[in-house]
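Structure, as structure tokens:
We did not get these values from a lab; they are worked out from the coordinates using the rules stated. All values reported here derive from a predicted model rather than from experimental measurement. Every residue, glycine as well, gets a Cβ built from its backbone with ideal geometry; the counts of neighbours run over all protein chains shown.
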Amino acid sequence: MNIRCEILSDYHAIAEVNRLAFGGEIEAKIIEAIRNSEFYIPELSLVAEVDQFVIAHILLSYIQLVGEDKLQVLALAPLAVHPQFQRQGIGSELVKAGLIKAEEKQEALVIVLGHTHFYTRFGFEPSVNYGIESPFPVPQEVFMVKPLQKYQKNYRGKVVYPPAFEEC
């Protein structure tokens, strides 16, 4: 398996992996909308490939954390693995690679809405532990944050997702 940044020729395969993994079009449309926005970070859109076929994708993009200040942080969404390749550690490898790249870019914080049993393995904790509020009415334990090395205690407030997430 090879993990690398997405390229233009991957777009169709990435959309297909997301459709198959999630059973619909929403995530593929969100990815496209993010790519066409100022919140897109090309080096944080990663694919996993086997024999030169894209089998998984992860996207980290900018969102805002609004409190005393308006701060830019990362959202991890979506993460998709082709159904034939699920439960083989590929998603975990993509999360690790994404977090390493986020650290290299000197980002401060990653936010995810997801399964606690999966994301806590990578150091994600409930956002309420950090004074960060979800914009969605979800159980506290599923809205999580992962502080990176550049994290500072002033990263508090309510998360605001960009229009790309709402349009789809």
**Message:** Using the crude model of +1 on Lys and Arg Cβ and -1 on Asp and Glu Cβ, and no other charge, please compute the dipole size for segment 21-101 relative to its Cα centre, in debye to 20.
**Reply:** 140 debye
**Prompt:** Using a basic spin-label model with each label point 7 Å from the Cα along Cα→Cβ, how many nm lie between Gln106 and Gln52?
**Reply:** 3.8 nm
**Message:** What's the ranking of 5-12, 156-163 by average number of surrounding C-beta atoms within 10 Å, highest first?
**Reply:** 156-163, 5-12
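Within 10 Å, count the other beta carbons around each residue, average over each peptide in 16-28, 117-129, 71-83, and list them highest first.
Taking the mean over residues of other Cβ atoms within 10 Å, the ranking is 71-83, 16-28, 117-129.
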**Message:** Can you tally the lysine pairs in the chain where the Cα-Cα distance is under 20 Å and the two residues are eight or more apart, or on different chains?
**Reply:** 15
**Fill in**
Binned at 10 Å starting from 0, the alpha-carbon pair-distance distribution of segment 37-128 in whole percents comes out as 15, 48, 30, 6, 1
**Item:** Gap separating the Cα centres of segment 136-168 and segment 11-80, nearest whole Å
**Value:** 15 Å
**Asked** Where q = 0.10, 0.11, 0.20 Å⁻¹, what log10 of I(q)/I(0) comes from the Debye formula for the chain, counting one point per Cα?
**Response** -0.34, -0.41, -1.43
**Prompt:** Which angle between 0 and 90 degrees, to the nearest 10, do you get for helix 11-22 versus the longest principal axis of the chain when only C-alpha atoms count?
**Reply:** 70 degrees
**Asked** Against the longest principal axis of the chain, how steep is helix 90-104, in degrees 0 to 90 to the nearest 10, with axes from Cα atoms?
**Response** 50 degrees
**Request:** Could you grab the relative contact order for the chain? Cα pairs under 8 Å, six or more apart, rounded to a whole percent.
**Result:** 23 percent
**Item:** Charge dipole magnitude, Cβ of K and R +1, D and E -1 - the chain, Cα centre, debye nearest 20
**Value:** 440 debye
